[in-house]
Every structure is written in structure tokens, then in C-alpha cells.
Amino acid sequence: MVENTFALLVLQRLKLKEEQLPKPIVISYIPTVMQTLANRVADPRFGFPQYKQELLRKTFTVAVVSGVGPLATPMAAAEPMMAQFARGWIVLGPDTRYPYTAKADESSLLCDQPAGLGIFTLRQTDLLVVNSLGSRVYTASFSVRAPYVPLLANLNSTLDDDAVNTGCEIVRNAVPQQPEMEPEG
Amino acid sequence: MALVPIDISVARRTLASLSNSAGWISLQTANITTGTGTLTFGGDEAPFVSTAQNKGQPVVIRGAGAAGTDYYGLISAVTNSTTATVTPNASTTVLGVECAYAGKINDDRHSIQEIDEIMFESDEMIYNAIAETPGHWAQADIAVLSGSISSGAAIPTHVGNIVDVLIQKVTAAAYLPGVRWRCIPDINNWNANTGTAPLNAFGTLGPSAAGSALSGYWETDSNNYLFYTGSDAKCRLFTYIRSALALQSPAIYTSKLINIGMARLQLKDGDDPQAASVWGKFAEADMMIIRAGGQ
């Protein structure tokens, strides 16, 4: 969906005219709308179906060196990886065909791990891994399938309606209350 | 649909006949050939009586003077009811034009030039009243489109408020009415949006890019400068430029033009002050009606 269409749909659903709320102001909320939509889709509490959650996931390649994989670049990308949902990430290393198991924090990596399974956690913008053999200095290329914040232009059309609804909610709360429009005639 | 303007011939003839205390008779079918003094009339116009009665009366013939200016002369002889000799000879040949001659000798208080001047002044008064009355129903019909105006440039000199602003969103696109957004800083911010960080707070497109939602907004400041987003803009506005060939107020205001014109014509020394007062009251009421958006 293009910005212009998004702005028009939001204005129409809110029954606002451009004289009351110009489209550029609606557009300025698009990053917030996308962030909110991505959060809601990824968060199980909002109940989005699995197929929609999968539409906002993609695979990032992370180069792990001595057990540490920097995530600063994918987290700052135009469509950034969402670190707050790390527990739901699918982290795959070349040492095992099973996904790595998420741990709450770095100290958890020191505990015993299930036999044959790798474990991982986040420390600020780094991915920390212990491979399936228990090595803490493992070096390999990992793939991380994680939720991300999409650009409006790249949003799957299945989510267009959710984006517009989220936009209406945010714009309605962000702008001063508008008086009801008088019927024309 | 554009309104028909007041018919200049109707206005001139009516004013001439109503203000005819000087005895000016207005005619519409005068013919005269350059280098001659033979003035003839066609149609059913037969204004002359006899040499004894008409000799010495002043005559004005539209366009028969030097280089097409109005001819001024005197009747020297009458041949019959439709033909007379005038002095001096005409400098331009004219056929079927307006002509006026004074029915009363030595009484030339309302010449055709004076009537014309009053007529154009009255037309301008009505035009300006329409232009200055917000929302007047006739505004759309008398407004004209300006040339291109850059954002941040002055709007051309005009009467009253501008009607609206037509914006060309992208080069070569049609000019369409813009949306007035009463915040010039917003418009400037949208214009500064290139679509590339850090100038992308209002989306990924600049205001003149195809498909941009930023274009099409405008506002004026108190110094008559126009600010807008888009490729180009023109204003619909009012500019009264007098034309010797046409009046510019809507024809539905013909009677009001006559009232206003008569009020001004009758103010001349020697005219009836009571008549001037009556015409003045009509004119005053008419101007109030026009400024209230009435007909």
C-alpha cells in the first residue's frame, strides 16, 4: 500500500476532511503505526492468527564469532528485527538441525543445557550462543527467523486492513477531538 | 456557466435617455464616409426635422473621428428626416454606429463621453462590490486565473480576497483546487520533505513527486504571499481592467448600474437635485443589496 492510499483510508474511516487533518500529518504517523502493528501481530496476547504472524517474520543471517553474534545492524535496518520477542525466535546453527533454545539472560547460559541442544540469549544488541556441544566460543553463520517492523510499501496486502485500523486508532488519539461534520447541502 | 456581462449598448442608451435633460438623443444606425459631411441613418431612425430647427446642434459619431476616435461636429443643414450635413467632414468611414446629437441647442451637459465615463465607473463599483463580498454568488463568473506563482511569492495585485488556489501537483498535471491548511510552517515542512532521511518525517516522497500525498495544500500570509505544496499554482482572483468595448458586471445588475450611473450623472450642476437624491437612494440600496450577495 502506498502512503497516499493509507492516508486517504484513515481519513475516510475517521470521517475527517483534509481541511481538518491533512494527509501529510497522517503519513507522519506511519512509522508509529507500523511499529504498533508489528508489536501486536507478534504478541500472542493480541490473538493474531499464526499465518499473519508469519507474514511479519523473516530470516536474518547473523555471523557468530566466539559465541557472540552482533545484531546492531539488523536491529537498525529499514525493516528492523524486533528484539523484545527473542523468546519466539527460531535460531538455527550449522551444528544441529534443532532450533536453539531461548534463555532469559546471560547467566542462564551458564546452567546445564539439554543434551544435544544449543541455547541462546541476548545481551544488549548481541546474540550469545552456546552450541549443541556446549562450546561457548563457537564460530559459525546462524540464521535467525524473527518478527520485524515492516515498511508500509512492503506490507503484505493481507495486513492492509489491520494497518489502516491501527492507523485510525493512533491518529484518532493523537489529534485534537474534531467537531462532527455538518452535512453538506 | 459564465454569466453574461451587462450589454454596453443597453447601458449607454438607457443612461443617455434617462439623463437627457440636455436633450441628447441617442441613435444606433449612423453612417458617414470619410472626407464627407453627409450623415445618414438607417432602420427606422429619422431624427431630423429641418435645417431651421436642427442647424447648429452638436453631434457625436462613434469612431468617425481621426484614427477611429469619436467625431465631434455641428449640424449645418438638413436634407430630409434621415440625412443631414455635418461640419467638419468625417475622418473615418463608419456604418451603423452609435450617434448622439443634442436636441436642445447649447445644452450639452451629458455628452456621450460623460455618460461613458459614468457607465464604466458604475460598472467598476459593482464589480468591486462583488469581488469584496465573501461568498458572493457571482464571484466564480467574474474571477480570472492568474499566471503561475511560486511558493513563497506574492499573489498578483487583485481586488478583495482570492477565490481559491489551483495547484498542479506534479509537472504537466492538471491544475485542481487545493486544500487550504492554515499553518504555513506545516506547508514549509512538507516542502522540505525529500523522502530521504533525515528529511522523511512526512513519508518517502517529496511534495512534487508523482503520487505524493504532500502536494495540494496552500495558505496565504498577511502580506499577500502564497505558500503551497506542489509543482505550480495559480490563483483565481479579481482584477478590474477597464475595457472600452465591454462592461464586466453581470447583466442581471443592469438596472443597478443604471441607478448608480444616474445618481452620479444627476449630481452635475444645473441638474435637478431632488432627482439626484432619488437616484442616490436607489443606488445606495442597490450597493447594499450587491454587498449582501443579493440580486
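Values in this text are rule-based calculations from the coordinates and carry no lab data. It should be emphasised that the depicted structure is a prediction, and the values quoted were computed from it without experimental measurement. Please note: Cβ atoms are built from the backbone with ideal geometry, for glycine as well, and neighbour counts cover all protein chains shown.
Students often get this wrong, so check it: of B:Lys55/B:Lys281; A:Lys58/A:Lys103; A:Lys15/A:Lys58; A:Lys15/B:Lys169; A:Lys17/A:Lys52, which have C-alpha atoms separated by over 30 Å?
B:Lys55/B:Lys281; A:Lys15/A:Lys58; A:Lys17/A:Lys52
Sorted from largest to smallest, which semi-axis lengths in Å does the alpha carbon gyration tensor of segment A:9-113 give for its equivalent ellipsoid, taking the root of 5 times each eigenvalue?
38, 16, 12
Among B:Phe282, B:Gln57, A:Ser132, which residue has its Cα furthest toward the positive end of the charge dipole of the protein assembly as shown, with +1 on Lys/Arg Cβ and -1 on Asp/Glu Cβ?
Ranked along the dipole, the leading option is A:Ser132.
Say the dipole of segment A:44-172 comes from +1 at the beta carbon of Lys and Arg and -1 at that of Asp and Glu; which of A:Thr101, A:Leu56, A:Ala83 then lies farthest toward its positive end?
Farthest towards the positive pole: A:Thr101.
For B:Thr79, list long-range residues whose amide hydrogen, built 1.01 Å from N in the peptide plane, is under 5 Å from its own amide hydrogen.
B:Ala84, B:Thr85
For the protein assembly as shown, give the magnitude of the charge dipole about the Cα centre (Cβ charges: +1 Lys/Arg, -1 Asp/Glu; no others), in debye to the nearest 20.
Charge dipole of the protein assembly as shown: 1460 debye, to the nearest 20.
Per-residue Cβ counts within 10 Å, from other chains only, averaged over A:26-34: what number is that?
Across A:26-34, the average partner-chain Cβ count within 10 Å equals 3.
Give me the one-decimal Kirkwood hydrodynamic radius in Å for the protein assembly as shown, with the sum taken over alpha-carbon pairs.
29.9 Å
Among B:Ile118, B:Ile126, B:Ile75, whose mean-square fluctuation peaks in a Gaussian network model of chain B (Cα, cutoff 10 Å)?
B:Ile75
Kindly list the residues of segment A:27-55 that lie in the label zone of A:Thr158, defined by a backbone N under 16 Å from the point 7 Å along the Cα-to-C-beta vector.
Only A:38, A:41-43, A:47-55 pass the distance filter.
Quick one: order B:Lys234, A:Lys23, B:Lys268 by neighbouring beta-carbon count within 10 Å, fewest to most.
If I rank by nearby Cβ atoms, fewest first, I get B:Lys268, B:Lys234, A:Lys23.
For B:Val278, B:Val94, B:Val4, A:Val33, what ranking results if the residue with the fewest other Cβ atoms within 10 Å of its Cβ goes first?
B:Val4, B:Val278, B:Val94, A:Val33
Just to check I understand the Karplus step: with θ = phi - 60° and J = 6.51 cos²θ - 1.76 cosθ + 1.60, what whole-Hz values come out for segment B:181-189, glycine and proline as x?
10, 7, 8, 5, x, 4, 4, 5, 5
Only Cα pairs under 8 Å and at least 6 apart count here; give the relative contact order of chain B as a rounded whole percent.
That works out to 21 percent.
On full extension of the chain, what length is gained from B:Gln274 through B:Val159, given 0.36 nm per residue of separation minus the C-alpha to C-alpha distance?
Going from the current span to full extension adds 38.0 nm.
Using the Karplus curve 6.51 cos²θ - 1.76 cosθ + 1.60 with θ = phi - 60°, what ³J(HN,Hα) values do you get for each residue of segment A:18-31, in whole Hz, with x for Gly and Pro?
5, 5, 8, 8, x, 4, x, 5, 4, 4, 5, 8, 4, x
Which of the listed residues, B:Thr239, B:Ile260, A:Ala42, is farthest toward the dipole's positive end in the protein assembly as shown, when Lys, Arg count +1 and Asp, Glu count -1 at the beta-carbon?
Selected residue: A:Ala42.
Assigning unit charges at the beta carbon (Lys, Arg +1; Asp, Glu -1) and nothing else, what dipole magnitude in debye, to the nearest 20, does segment B:64-194 show about its Cα centre?
Dipole of segment B:64-194, to the nearest 20 debye: 540 debye.
Inverting the mean 1/r over all pairs of different Cα atoms, compute the Kirkwood radius of chain B and quote it in Å.
Kirkwood hydrodynamic radius for chain B: 22.7 Å.
Among bridges DSSP assigns within chain A, what percent are antiparallel (round to 5)?
So the antiparallel bridges amount to about 90 percent of the total.
May I ask you to sort B:Tyr217, B:Tyr127 by Cβ crowding, counting other Cβ atoms within 10 Å and putting the fewest first?
Starting with the residue having the fewest Cβ neighbours, the order is B:Tyr127, B:Tyr217.
Search the structure for amide H atoms under 5 Å from the amide H of B:Gln168, placed 1.01 Å from N in the peptide plane, and list their residues when 5 or more places away or on another chain.
When sequence neighbours closer than 5 places are left aside, the close amide H contacts are B:Leu176, B:Ser231, B:Asp232, B:Ala233, B:Lys234.
May I ask for the angle, rounded to the nearest 10°, between helix A:160-174 and the longest principal axis of chain A, with both axes built from Cα atoms and the value confined to 0 to 90°?
70 degrees
Using +1 on the beta carbon of Lys and Arg, -1 on that of Asp and Glu, and nothing else charged, what's the dipole of segment A:1-152 about the Cα centre, debye to 20?
400 debye
Cut-off 10 angstrom, C-alpha nodes, Gaussian network model of chain B. Which of B:Pro58, B:Pro198, B:Pro273 fluctuates the most?
Largest GNM mean-square fluctuation: B:Pro198.
Which of these, A:Thr59, A:Thr101, A:Thr158, has the largest mean-square fluctuation under a Gaussian network model of chain A (Cα springs below 10 Å)?
Among A:Thr59, A:Thr101, A:Thr158, the largest GNM mean-square fluctuation belongs to A:Thr158.
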